[in-house]
Amino acid sequence: MSTEQNVLQDLKDICAQTKARYLMYEDIHTEDYERDSALFIKEMGHIGIHCDELLEKALIVPEYGGGFSIKHHDEKTCGGYTQEGNRKCLMVLPGFHEDREKETIYHEAAHVYQYKYNILDVIKNDDYTKYRTEVHANVFSTMVSLLKAKSILDYKKQKLSRFLEGVATINSDEEELIYYLSLPIELALMREIRKKGRLKTKEEFSKHGILDYKKIAFYTAQLVKKHCFSQEEFEKIKNKEITSKYEKLKRKAKAYRILGSIYVFKKERYYIKKENKHHQLEIKRLKKIAKKLAPLCENNEENKVINALCQIDNCQVYLAQDVGFFPDLELVVTEQETIPERLEEDEKKWVEETFQKIKTIYEKWKENEFFQKYFAKINDNYQRNVIWDLKEQKKKELEQRCLANMAVNER
């Protein structure tokens, strides 16, 4: 596989050609969740997806202690994803360090070409289109890996790796993997390269010594159309009915299941490594949030009001994160807010209990002018940080007073 520097250059070239953008998980998955979300929101804004839409799509959620957190895709998959905006795309990628991460970069690049040129009718967005576009992204990534092989040995290693990944996918019981059954097309691709010759194929798909990714995207799309399952076959496989073509594929995969299990073992080791890193980051993030949640010393009425407002904000964050519902506080306290019908019975009960907690706090402080001023602000996703910033300011003032008192006592 290519070096990190070469992959980075490829990524920049692909983005220049398609007007796409990219971010790495490590750029937006640090212990500083506020900086992460600010960068993510900014980058999404460049492709025409703004904060309200990100909240609506649950790509970000309000966070305890103010601000937002990014709703990262399943960290276990260590995969990337591509978000389409206003005729532009943003790729969120896992990194450059492992071969699997580099493969993911080219997989996501294929999705960018799909959106840019509507390859395989990507805008249809139905199940069969999802199958064809995910398979196409796999085949695109495979072709790039094979053509970038530095030697015959490296080429054979890449072929074996892709074959074993395909075998592992077919032998897996995970339902979601039905959309990634790319092995038949990848085998067809390998036959085509063998027929033409590796170096001749590379020359055909290069321009001035650099791979022509757009040409590869259209060529692999033709292979997908020719060798993928028909819509009827795909529906049967999805419903766990065995077609003759799929049965033949399953038999082939079963014959190589031991080799496939070796690939799965290596993949699991990679997952564990990533999960450990993710776990350590989460601990640091939670410690930072816990520090912000610590209440102010209630030695005056203003501090008591700030604590009360922060409690209310925590209630609405709880609802946003746990049941996907960010209520209008004005409607909650006047008992006009309705609970979404889509929620389960136990979830509705949690919402009712949380509403009651908000109303109890509101009733206690509603006559307070300071409370009313900031209550309106925490009801707004874009202004709710104000109360948390005020709380942090109060904590700093208290620390400074304590230090000043200590200095006086020492004299």
### Message
Looking only at the stretch 225-248, how many residues end up being of a type in the set (A, V, I, L, M) and either outside the structural domain of residue 189 (by TED's automatic domain parsing) or more than 31 Å from the chain's Cα centre (by Cα) (or both)?
### Response
1
### Query
Of all the residues that make up the stretch 342-368, how many are under 23 Å from residue 381 (Cβ atoms) and assigned to a loop (DSSP other than H, G, I, E, B)?
3
### Message
Conditions first: (1) assigned to a helix (DSSP H, G or I); (2) closer than 29 Å to residue 72 by Cβ. Residue 395 passes all but one, so which condition is the exception?
### Response
(2)
### Message
Considering only residues that are surrounded by 13 or more Cβ atoms within 10 Å (Cβ to Cβ), under 28 Å from the mean Cα position of the chain (by Cα) and under 19 Å from residue 331 (Cβ atoms), which ones fall in the stretch 360-389?
### Response
378, 379, 381, 384
### Query
Is at least one residue of the stretch 73-83 in a loop (DSSP other than H, G, I, E, B), without any contact (Cβ under 8 Å) to a residue 24 or more places away in the chain, within 30 Å of residue 140 (Cα to Cα) and out of contact with any Phe, Trp or Tyr (no Cβ under 9 Å at 6 or more places or on another chain)?
yes
### Query
Counting only residues that are outside any helix (DSSP H, G or I) and either more than 31 Å from the chain's Cα centre (by Cα) or in the same structural domain as residue 25 (by TED's automatic domain parsing) (or both), how many does the stretch 295-336 have?
9
### Message
Just to verify a result, which residue in the stretch 294-306, among those that are of a type in the set (S, T, N, Q) and surrounded by fewer than 15 Cβ atoms within 10 Å (Cβ to Cβ), is modelled with the lowest pLDDT?
### Response
299
#### Entry: The listed residue being surrounded by fewer than 15 Cβ atoms within 10 Å (Cβ to Cβ), in a helix (DSSP H, G or I) and touching a Phe, Trp or Tyr at 6+ places or on another chain (Cβ under 9 Å), out of 105, 41, 123
123
### Summary
Of 276, 239, the only residue that is out of contact with any Ser or Thr (no Cβ under 8 Å at 6 or more places or on another chain) and over 30 Å from residue 128 (Cβ atoms) is 276
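The values are calculated or read from the model by the stated rules, or taken from the named source; none is laboratory data. Being a predicted model, the structure only gives us computed values, none of them experimental. Virtual Cβ from ideal backbone geometry, glycine too; neighbours counted across all protein chains shown.
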